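The values are calculated or read from the model by the stated rules, or taken from the named source; none is laboratory data. The structure displayed is predicted, hence computed values, not measured ones. Cβ: placed from backbone, ideal geometry, glycine included. Neighbour counts: every protein chain shown.
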Amino acid sequence: MDLDALVVGAGFSGLYQLHCLRDRLGLSVQVLEAAADLGGTWYWNRYPGARCDSESHSYCYFFSKELYQEWEWSERYPGPAEILRYLHHVADRFDLKRDIRFGARVVAACYDEGENLWEVTTAAGERYRATYLVSAVGCLSSANVPAIPGLESFAGRWYHTGEWPHEGVDFRGKRVGQIGTGSTGIQAAPVIAASAKHLTVFQRTAQYSVPARNAPLDAAFKRQVRESYDAIREVTRSTPNGHPFRIDRRNVFDVGEQERRAIYEAAWEKGGLQFRASFRDIVLDKAANDTAADFIKQKIRAVVRDPKTAAVLADIDHPYAAKRPPIDTDYFETFNRDNVALVDLRAEPIERITPAGVRTRAREYPLDIVVFATGFDAMTGPLFRMNIRGRDGLALRDAWREGPKTYLGLMAPGFPNLFTVTGPGSPSVLTNMPVAIEQHVEWITDCIGWMRANGVERCEPTARAAERWGVQVEEAANATLLPLATHSWYLGANVPGKPQVFMPYAGGLARYRALCDEIAARGYDGFVMEPSRAEAARP
Ligand code: N01
C-alpha cells in the first residue's frame, strides 16, 4: 500500500510529526524506528549520569496545554528513564504506537520521479512507498567511535555512550578509561568514578562547565509551572535558544567589575545553562566572553586541589559557550578523588589501543573498560546513514559533499517532498530541542496541508534559495564567537574528512521562526511548488 507519509524516527520529532500528519491532516502515516522502542536520543543514551541539560518544565511538548499541565516532572533536569516515561505517556495519550514499526532501520530511501513517491527500504528488506518522507532521525544519533588503531585487539570491553547497553555496565573493581570530555563525558565521569576501582579521563580539549544544581522539584514549583503554561511557552518561543529564561539585556561592560563578579557568582550558584544568559554579549564579543571564561577557569582552579591537574582542566583554548556548554554534577570535584586521574592528550596523544589498555606517546594505561564519550557524526551523519537518493538518483552524500545545502534546514534542492526535522541549517542543536522540533513539525505539517489544499504534488527548494540560505547561516555564525572553537562538532571538525562548515543556524530560534512563517505566508517563497497533473490540466 502506498502511504501519504513516512516518518523515520520515533523520538520527540517523529512522535509529534505522526500526530500532526495523521490526526490533524488525516493522512496515512507510518513511522519507522530502528530501535526496539520509542525515545530516540533517550532510548540510546543511557550512560551513567545521563541527564537532560534543559530544565524539565521546558524539555517537553507545548502543543497541548492539557498534556503540559497533566504531566509532572520530578527533578530540575530529567534523566532518560523519566523522559522515556513522558514520551510513552504522550504516545499512549495520542494513540501513536499503532503506527510505529520498531526495529525497522531505514537503509535506503530513493525518490521515484515518475511516480512522485519515495521508496524506502529497511534493513530487514521491507519496502514502503510514500508521497512525503520526513526525517525525524535527530541531530546526534550517529555515534562517533574514533578510528584509533588497535581497538579490535583490546582484551577488555568498550562502549560508546550513545549506544549504551540497556542492562548497564558494572564498573565495580574495574580500571576504566574514559575518552572524551564534552557534555556527555562531563556527566559520566563523576558517576563512573563513584563505582569504578579507578578512572582515567583522557582529555583532548579542556571544556568549561557550570554546576547543574539538579534537585527534586517541590510542590510549589510544580504548581507554579502548571499555572504558568502560557508565560513559559511565550518565553521559550521568543528567546533565541528556546529555553525558559530570558537573556539579560545588559552587556558585560555595562556594569563594573564588582557587580559583574556578583552576577556571575549568582549565576554559578543558580546553576545550569542560564549562566550563558548572564549578559547579552557573552557569545558575541570576545572581550566580554573573556570575563565569563576567566570566572569559570578560576572556579576550576579553586575546586581542583592538585595544581597540575587543575592547570590542565583550566587550559581551555576557545571562548566560553563557543562549543556546546556542558553543565555538571561534581565534574571538577571528581578529580580530587584518589581513584581518578587525568591524562592530557595534548601533551601525550593516544598512539593506539593495545590488548591491555590505551597507549599514549608517554606510556601505556592498563584498563579493563574503555568508555568512548566521543560524540557523534552530528547533523548530517544520521541523514547519510539512510542512503537517501533524490532526483536522477542523486545521493544526498554527494549533493552535500562540500557541506549541507538546505533551505531553512527543512528541505534540500534535488530531494522533492523530503522534509528534515531540525536539519542542518536550522537552529536545532543551538536550542532547547523540543521547542525547535515543535516549530519544524508544525511548519512541515502546514506546508504539506497547503500543498494538498492547493493541488501541489511536489515541493522542492530552488538551488538559489538554498545557496542564499547557506550564506545566511554562515553570516549568522560569523556574527557570534561560535566559529572560534575550530574543533567543534558544530563545524563537523570532530569527524575526520568531514567538510568544515558551520551547520546550525545561529541567528536565534525566534528570528528563524518569524522567517519561516513569513516565507510560508508569501506562498512558500524559494520553493518550487509543482501542481499535480490534474491541477495543471485544469482550464
Ligand atoms: O560529544 P562532544 P558529547 N581522541 O563531541 C573527544 C548533546 N548532549 O557526546 O573536543 C580523543 O561534545 C572530544 O575532544 P575534542 C550536546 O548537544 C546533550 O559529549 O574533539 N578525544 C570531546 O572532548 C552535546 O554537545 C545532553 O578535542 C576525542 C569529546 O570526545 C552533544 O550531545 C547531554 C576523540 C566529544 O565531545 C555531544 O556531546 C550530553 C579522539 N579521537 C550531550 N574524538 C543533554 O543534556 C573525540 N574526542 C540533552
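Just a yes or no: is a residue in the range 142-149 within 16 Å of the ligand (Cβ to nearest atom), surrounded by 21 or more Cβ atoms within 10 Å (Cβ to Cβ) and either more than 23 Å from GLU442 (Cα to Cα) or modelled with pLDDT under 95 (or both)?
Taking the range 142-149 as the starting set, the residues that turn out to be within 16 Å of the ligand (Cβ to nearest atom) are 142-149.
In the following step, the residues that additionally are surrounded by 21 or more Cβ atoms within 10 Å (Cβ to Cβ) were identified as 144.
Applying the additional criterion that residues be either more than 23 Å from GLU442 (Cα to Cα) or modelled with pLDDT under 95 (or both) yields 144.
Yes, the range 142-149 contains at least one residue that is within 16 Å of the ligand (Cβ to nearest atom), surrounded by 21 or more Cβ atoms within 10 Å (Cβ to Cβ) and either more than 23 Å from GLU442 (Cα to Cα) or modelled with pLDDT under 95 (or both).
The rows are residues; the columns are (1) in contact with an Asp or Glu (Cβ under 7 Å, 6 or more places away or on another chain); (2) closer than 30 Å to PRO424 by Cα.
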| residue | (1), (2) |
| --- | --- |
| GLU351 | no, no |
| ALA356 | yes, no |
| PRO366 | no, no |
| MET379 | no, yes |
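Summed over the range 155-184, residues that are within 21 Å of the chain's Cα centre (by Cα) and within 12 Å of the ligand (Cβ to nearest atom) total 11.
Screening the range 483-496 for residues that are in a helix (DSSP H, G or I) and out of contact with any Leu (no Cβ under 8 Å at 6 or more places or on another chain) and picking the one that is farthest from the ligand (Cβ to nearest atom) gives LEU484.
Which pairs do you get when a residue that is in contact (Cβ under 8 Å) with a residue 24 or more places away in the chain, found in the range 56-75, comes within reach of a residue that is basic (Lys, Arg) and within 16 Å of the ligand (Cβ to nearest atom), reach meaning Cβ atoms under 9 angstrom, with the pair 6+ apart or on two chains? Qualifying pairs under 9 Å: SER56/ARG76; HIS57/ARG76; GLU75/ARG51.
The single condition from (1) crowded, with 20+ Cβ neighbours inside 10 Å; (2) of a type in the set (Gly, Ala, Ser); (3) not in a loop (DSSP other than H, G, I, E, B) that ALA321 fails is (3). Applying a threshold of 7 Å to beta carbon distances and a minimum spacing of six or more residues, or different chains, the list of pairs starting in the range 349-377 at a residue that is modelled with pLDDT of 95 or more and ending at one that is part of a loop (DSSP other than H, G, I, E, B) and basic (Lys, Arg) reads PRO349/ARG361; GLU351/ARG361; ASP368/LYS174; ILE369/LYS174.
With the requirement that a residue be aliphatic (A, V, I, L, M) and under 16 Å from LEU410 (Cα atoms), what does the range 522-539 give you? Walk me through how you get there before you give the answer.
Step one: of the range 522-539, the residues aliphatic (A, V, I, L, M) are 528-529, 534, 536-537.
VAL528, MET529, listed by residue number.
The set of residues from the range 47-86 being more than 14 Å from the ligand (Cβ to nearest atom) and within 17 Å of the chain's Cα centre (by Cα) comprises just one member, TYR61. For the range 287-318, the set of residues classified as more than 23 Å from VAL429 (Cα to Cα), part of a loop (DSSP other than H, G, I, E, B) and either touching a helix residue (DSSP H, G or I) at 6+ places or on another chain (Cβ under 6 Å) or touching a residue at least 60 places away in the same chain (Cβ under 8 Å) (or both) consists of VAL304, ALA314, ASP315, listed by residue number. Scan the range 524-538 and give yes if some residue there is in contact with a Lys or Arg (Cβ under 7 Å, 6 or more places away or on another chain), buried (at least 22 other Cβ atoms within 10 Å of the Cβ) and either farther than 30 Å from GLN203 by Cβ or β-branched (Val, Ile, Thr) (or both), otherwise no. For the range 524-538, residues in contact with a Lys or Arg (Cβ under 7 Å, 6 or more places away or on another chain), buried (at least 22 other Cβ atoms within 10 Å of the Cβ) and either farther than 30 Å from GLN203 by Cβ or β-branched (Val, Ile, Thr) (or both): absent.
Evaluation of GLN187 against the conditions (1) within 13 Å of the ligand (Cβ to nearest atom); (2) assigned to a loop (DSSP other than H, G, I, E, B) shows that the sole unmet condition is (2).
Given the criterion in a loop (DSSP other than H, G, I, E, B) and buried (at least 22 other Cβ atoms within 10 Å of the Cβ), identify the matching residue among PRO499, PRO504. Criteria check complete, one pass: PRO504.
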